[in-house]
Amino acid sequence: MKDPSGDVILEMEGIVKTYDTLVANDQIDLHLRHGEILAVIGENGAGKTTLMKVLYGLEQADSGTIRLRGEPVQIRNTGQAIDRGIGMVQQHFMLFDPFTVAENIVYGKEPRKGLFFDLDQANKLISEISRSYELPLNPTDKIQGMPVGLRQRVEILKVLYQNTEIIIFDEPTAVLTPQEVHELLKTLKKLAADGKSIIIVTHKLNEVMEVADRVMVMRAGKLVAEMAVSDTTIEELSFLMVGRHLVETEIPAMNAAEKVLAVQNLKLLSEEGALSLDDVSLHVRAGEIVGIAGVSGNGQSELAQALFGLKHATSGQILVNGQDVFNQSVKTIRNAGVAMIPEDRYLWGSATQATLSETAIMGHYANPSYSKHGMLNIRNINSFAQRIIREFNVKADSIRQKTSSLSGGNAQKLIVAREIVQGTPLLLACEPTRGIDVGAINFIHDQLIDKRSKGAAILLISSDLSEILKLSDRIYVIYEGKINSEFQRGNVTEEELGLMMAGGKHENQLV
């Protein structure tokens, strides 16, 4: 714990931010000391990300004061925040796909040779920074096609390149393996030891206990508690976040039945001609959850997209309840009984300018309950949207508001609800709880377990290994586009699984 008498570098006092009738921040106070790691936690919609956006100039507070080193400041945009030494690694990445890693990182602060951009110097600088922070990246790689985990690494290096004194991390470990999480937390501690002041927004309470000096808890737009991490526990923080004690659901043993999904020798080439999927074979039976564990970029995204018709494979076989759906359209695959929670809620799962009612039926608008002869049944659509918003506790003011107005976690819950309630025999669940709070995670886990108990087959692709281990009856490990291991429930630890994801082997594996 840092010395409480240490120098305060940042003060936010009486911050109020409203969106129409929603009070996102209600008289919030925050202070941050030099060289300190402060964790900000709370349920989805608690207002923590809004508070960080105010600090970073992405939003303007209705009232309140921000002081840096004791001096009042106005932060009207991100440029002013960066100029004042404030950087933010956001949960949803702000990168230019056609640019290289180095070009993205130095954008706006490019090294120059005379009047011209010095690309060689940029590549050299980024190589040095990535090496010094142990976040390896090839500076000449293009962002387009880059896995989520590496995109996040680019965002972190971009902030470090800006030489900021205050760094905000919004859910920084959501896509990392246990080994990568361990290394990132070491990096955060090193940054703090070097004099950087860190704010970490996270829902992973074990990481709060490991890395933070202090923690502040927000609920429904208000600050409800603030304390030294050494003076609290995970159980207390969980209770403060959600206002109730969480009960861990036991997963009953089930006898899996017939194969619902059968994949044989699936191959898929990337745009560059390399094998993204190399002879992948797997199956999922009715009444079981099968997890796919892998470091981002090892083929799990391509696997999900090939199974759902978003990408065409080179060769292989995909059967759903015996029906051949290999390289069929998304509509055909949906009609075969497949629902999908996509890994990116904005790129694949919704349209930010769509209303909540429209988002609630995306991919399912042809359902006779919602449309007939090309005409939408608005009453039924609105009724369905209201039902799933209520049942999944999506915090929203109206079904007519835009999806972009929801917090990331509430947008995720809406998409998860839309796909789970379809009653399909097969659910592809890709990162179903990414970026959501502990209470919502428990709820979604319960929904997946309930769907399993009703005889559905679930293929779970998640970068959260604790989620994979908790829910999966069987686990496949994917490495460099190949299935290199398979485990039954209870036969592998999180640390061992992380090693398998890096290409290792294990004595208890089935394949």
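Bear in mind that the values in this text are calculations on the coordinates, not laboratory data. Predicted model only: the values in this text are computed from it and were never measured. When we count neighbours, we look across all protein chains shown, and the Cβ atoms used for this are built from the backbone with ideal geometry, even at glycine.
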Using amide H atoms built 1.01 Å from N in the peptide plane, name the residues 5+ places from residue 224, or on other chains, whose amide H lies under 5 Å from its own. 217, 218, 219
For the stretch 259-501, give the magnitude of the charge dipole about the Cα centre (Cβ charges: +1 Lys/Arg, -1 Asp/Glu; no others), in debye to the nearest 20. 1240 debye
If you restrict to DSSP beta bridges whose two residues both lie in the stretch 259-501, what percentage is antiparallel, to the nearest 5? 55 percent
I need the GluC sites (Glu not before Pro) found in the stretch 82-142, filtered to DSSP loop residues with at most 14 other beta carbons within 10 Å of theirs. 134
Cα convex hull of the stretch 8-242: mean projected area in nm², to one decimal? 13.3 nm²
Cross-link partners among lysines for residue 109, C-alpha distance below 17 Å, same-chain residues fewer than 8 apart left out? 124, 158
Residue-count net charge about residue 457 - beta-carbon cut-off 9 Å; Lys, Arg +1, Asp, Glu -1: +2
With contacts defined as alpha carbon pairs under 8 Å and 6 or more residues apart, what's the relative contact order of the stretch 28-100 in percent? 21 percent
Provide the percentage of antiparallel DSSP beta bridges, counting only those with both residues in the chain; round to the nearest 5. 55 percent
Karplus couplings for the stretch 379-384 from phi (6.51 cos²θ - 1.76 cosθ + 1.60, θ = phi - 60°), rounded to Hz, Gly and Pro as x? 4, 5, 4, 5, 5, 5
What nm value, rounded to one decimal, do you get for the distance between residue 369 and residue 401 when each label is placed 7 Å out toward the C-beta? 2.4 nm
Using the crude model of +1 on Lys and Arg Cβ and -1 on Asp and Glu Cβ, and no other charge, please compute the dipole size for the chain relative to its Cα centre, in debye to 20. 1420 debye
Debye, to nearest 20: dipole size of the stretch 1-73, +1 on Lys, Arg Cβ, -1 on Asp, Glu Cβ: 180 debye
Report for the stretch 381-511 the percent antiparallel among DSSP-assigned beta bridges with both residues inside it, nearest 5. 55 percent
Take every Cα pair under 8 Å in the stretch 259-501 that's 6+ residues apart, average their separations, divide by the length, and report that relative contact order as a whole percent. 28 percent
Over the chain, the sum of -39500 (n - 2.57) across DSSP H runs of at least four, divided by residue number and rounded to 500 deg cm²/dmol, gives at 222 nm -9000 deg cm²/dmol
Once Rh for the stretch 336-384 is found with the Kirkwood sum over Cα pairs, what is the Stokes-Einstein diffusion coefficient at 37 °C and 0.692 mPa s, in µm²/s? 279 µm²/s
Put in order of increasing Cβ neighbours within 10 Å, starting from the fewest, 381, 475, 449 give 449, 381, 475
In the stretch 229-324, the GluC sites (Glu not before Pro) that sit in a DSSP loop and have at most 16 other Cβ atoms within 10 Å of their own Cβ are 248, 250, 258, 271, 272
Amide H to amide H under 5 Å from residue 371: which residues, 5+ apart in sequence or cross-chain, H placed 1.01 Å off N in plane? 377
Return a whole-number percent for the relative contact order of the chain, with Cα pairs under 8 Å and 6 or more residues apart as the contact set. 15 percent
Net charge contributed by nearby residues that have their C-beta within less than 14 Å of residue 266 (K/R +1, D/E -1): -1
Kirkwood hydrodynamic radius over Cα pairs of the stretch 3-93, then Stokes diffusion coefficient at 20 °C and 1.002 mPa s, in µm²/s: 156 µm²/s
Once Lys and Arg get +1 and Asp and Glu get -1 on their Cβ, which of 403, 299, 382 lies farthest toward the positive end of the dipole of the chain? 382
Per-residue ³J(HN,Hα) for the stretch 66-78, Karplus 6.51 cos²θ - 1.76 cosθ + 1.60, θ = phi - 60°, Hz, x for Gly and Pro: 10, 10, 10, 6, x, 9, x, 9, 9, 10, 8, 7, 5
Counting other C-beta atoms within 10 Å, and keeping those with at most 12, which DSSP coil chymotrypsin sites (Phe, Trp or Tyr not before Pro) do you find in the stretch 111-202? none
When the Cα atoms of the stretch 259-501 are enclosed in a convex hull and the volume is divided per residue, what value in Å³ results? 123 Å³
Going by Cα centres, the stretch 47-111 and the stretch 277-305 are how many Å apart? 37 Å
Positive minus negative residues near residue 328 (Lys, Arg vs Asp, Glu; Cβ under 15 Å): +2
Collect residues whose amide H, placed 1.01 Å from N in the peptide plane, falls under 5 Å from the amide H of residue 430; neighbours closer than 5 in sequence don't count. 341, 461
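Considering only Cα-Cα distances, which of the following residue pairs are longer than 23 Å: 142/413; 53/196; 189/470; 142/186; 53/402; 267/451?
From the list (142/413; 53/196; 189/470; 142/186; 53/402; 267/451), the Cα-Cα distance tops 23 Å for 142/413; 189/470; 142/186; 267/451.
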Compute the distance in nm between two label points, each set 7 Å from the Cα along the Cα-to-Cβ direction, one at residue 272 and one at residue 77. 3.5 nm
Of (i) 37, 28, 23; (ii) 36, 31, 22; (iii) 33, 26, 24, the label for semi-axes √(5λ) of the Cα gyration tensor in Å derived from the coordinates: (i)
Determine ³J(HN,Hα), in whole Hz, for all residues of the stretch 359-365 in sequence, where each value follows from phi through the Karplus function 6.51 cos²θ - 1.76 cosθ + 1.60 and θ = phi - 60°; x replaces Gly and Pro. 5, 5, 10, 4, x, 10, 5
